[in-house]
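The values are calculated or read from the model by the stated rules, or taken from the named source; none is laboratory data. Please read these numbers as outputs of a predicted model, since none were measured by experiment. Cβ: placed from backbone, ideal geometry, glycine included. Neighbour counts: every protein chain shown.
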Amino acid sequence: PPLANIINVYDFENLASKFLPHQAWAYYSSGSDDEISLRENHSAYHRIFFKPRVLVDVSNVDTSTTLLGKKVDIPIFVAATALMQLGNPEKAEVNVAKGCGQAGLHIPQMISTFSSNSIEDITAAKSSDKQAQWFQLYVNGDRKVTKDLIQKVEALGLDALFVTVDVPLTGHREKDLKIKFSTADNGPSVAQKKKKDTKQDNGASKALTKFIDPSLSWNDIIEFKKHTKLPIVLKGIQRAEDVVKAAELGLAGVVISNHGGRQLDFARAPVEVLAESVPELEKRGLRSDNFELFIDGGIRRGTDILKALCLGAKGVGLGRPFMYANSCYGEEGVEKAISLLKEEVETSMRLLGVTSIDQLGPDLLDLSTLRNRSVSVA
Ligand code: FNR
C-alpha cells in the first residue's frame, strides 16, 4: 500500500505482520514467556492521564531540544534493534540513518552491535555531522574485542556509547525459538565472525547471545569509562536503585528499559520505574543536566512520548515501530514514522497548553491510576 495510507505507527506493525518473512516477524515481534512485560510496557501508558492547561497561546510550538549535547527536532530516538536485514534484505541500518537525517526531522539512531550493515556504511549514510548516531555495545567475554570495538566507533565519530546491561543471556522468546535460525543467510556483521558457533542454534536471539558476556558487572563499566571519551549510558536499567548508582558513578545517563519485554517477563513497565526514579535522584541531589534519563518500551503515540517527558525523560526510544517502518518502506518509512510522531506530539502539546519541551513536567499528569495493574494470563 502507498505510504500515504499510513496514519499512525501501528499501521507499520500491521503491515509487517502480513508481509515480513515468517522468521523476521517471529524475531521482531516476540516478547519473553507469557509476554506480560511486552503488553505492560504499552498499557502502563494507558493508566496515566493529563491535566491540560487552557487559555495558553499555542499558535507556535517547538518540539526541538538536545540529547547528549546534540540538537534533535523531536526528543525521540531509534532504539537499537539487531539484524535489520531479516525483514527486508534491501533495507537495513543504512536506510534508518538516511531516514533520521531529514531536515526538520533529525533524531538520533542507536546502532546495534549486531547490525546487519557495517558500522562504516551506517556512519557514511549520515546527512551531516549534526545528525547524532549512538553505538549500542554488547560486551564480549574477550575484553580486547570490546575495547577494540569501542575504539573503532570512537574513531568513526559516533556520539555516545550505550552499554546494554539487561542481557546476561537472552530471554525465553517462544515465537522466535520455534524458528530454526541459520546465520548463513542473514548474518550480522559481528555475529558473522562467530558463524561456526551459532549455526546450529534455534532462534535468532539464542544465536546472538553467545557473543555476550554474562559476567559483565559494575566494575567493567568503571573500566570502560577510563577507556573512552565517549559519554557512557547504561541501557536496560529496571529499578530506581540502579538509576541512582549510575548517576553516582558519573555516567552520562541511563535508558530505563526492559528490552521491549524480551528479557525478564514481569519486569515492570519502564514508565513506572521512571516515575519512581526521579524523586530518588532528587532526594540525593543527583538530578542534573549532566545525567540524562532515557526510556524505551511500548511507546507508540505522541501522548506516550509526552507522558515520559513530563515524568523527567530527556529522550524516548522506539524499537519495533522503526524496524517495521524500515522493513516495509526503507528510509521513507522511517521518515514518515518520525513525522507522524512529531505531528502527534505537536497536536498534543497544543491541547495540553505547552509550547516547548522544557515546559513539560509532572504537574501536567494525573498518576493516581498508574499502579492499578490488572494482570491476567490467558
Ligand atoms: C531489540 N532490542 C535490542 N537492544 C539492544 O540493546 N541491542 C540489540 O541488538 C537489540 N535488538 C533488538 C531486536 C529486536 C527485534 C527488538 C524488538 C528489540 C531492544 C530495543 O533496543 C528496545 O529496548 C526495545 O525494542 C524497545 O521496545 P519497543 O519500542 O520495541 O516496544
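Data table
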item	result
Which listed residue, of Ile107, Ile150, Ile111, is of a type in the set (Val, Ile, Thr), out of contact with any Asp or Glu (no Cβ under 9 Å at 6 or more places or on another chain) and touching a residue at least 40 places away in the same chain (Cβ under 8 Å)	Ile150
Some residue of segment 155-168 being within 13 Å of the ligand (Cβ to nearest atom), in contact with a strand residue (DSSP E or B) (Cβ under 9 Å, 6 or more places away or on another chain), assigned to a helix (DSSP H, G or I) and over 30 Å from Leu351 (Cα atoms)	no
Qualifying residue in segment 266-283 (condition: part of a helix (DSSP H, G or I), surrounded by fewer than 16 Cβ atoms within 10 Å (Cβ to Cβ) and among the polar types (S, T, N, Q))	no
Test for Arg301: is it under 25 Å from Ala325 (Cβ atoms), basic (Lys, Arg) and modelled with pLDDT of 95 or more	yes
Residues of segment 251-277 satisfying the condition of being away from the ligand (no atom under 16 Å from the Cβ) and without any contact (Cβ under 8 Å) to a residue 40 or more places away in the chain	Glu276, Ser277
Every residue from segment 333-370 that is of a type in the set (D, E, K, R) and surrounded by fewer than 19 Cβ atoms within 10 Å (Cβ to Cβ)	Glu343, Glu346, Arg350, Asp358, Asp363, Asp366
Only one of Gly260, Gly236, Gly187 that is modelled with pLDDT under 95, surrounded by 15 or more Cβ atoms within 10 Å (Cβ to Cβ) and closer than 17 Å to Tyr138 by Cβ	Gly187
Subset tally (residues that are out of contact with any helix residue (DSSP H, G or I) (no Cβ under 8 Å at 6 or more places or on another chain) and within 13 Å of the ligand (Cβ to nearest atom)) for segment 19-53	6
Enumerated helices (runs of 4 or more DSSP H) restricted to segment 33-130, each holding at least 3 residues that are within 14 Å of Phe322 (Cβ to Cβ) and modelled with pLDDT of 95 or more	93-99
Residues located in segment 75-121, provided they are among the polar types (S, T, N, Q) and within 13 Å of the ligand (Cβ to nearest atom)	Thr81, Gln85, Gln109, Ser112, Thr113, Ser115, Ser116
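Condition check ((1) under 20 Å from the mean Cα position of the chain (by Cα); (2) assigned to a helix (DSSP H, G or I); (3) within 15 Å of the ligand (Cβ to nearest atom)) across all residues:
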| residue | (1), (2), (3) |
| --- | --- |
| Gly317 | yes, no, yes |
| Pro321 | yes, yes, yes |
| Ser327 | yes, yes, yes |
| Glu332 | yes, yes, no |
| Ile338 | yes, yes, yes |
| Leu341 | yes, yes, yes |
| Thr347 | no, yes, no |
| Leu351 | no, yes, no |
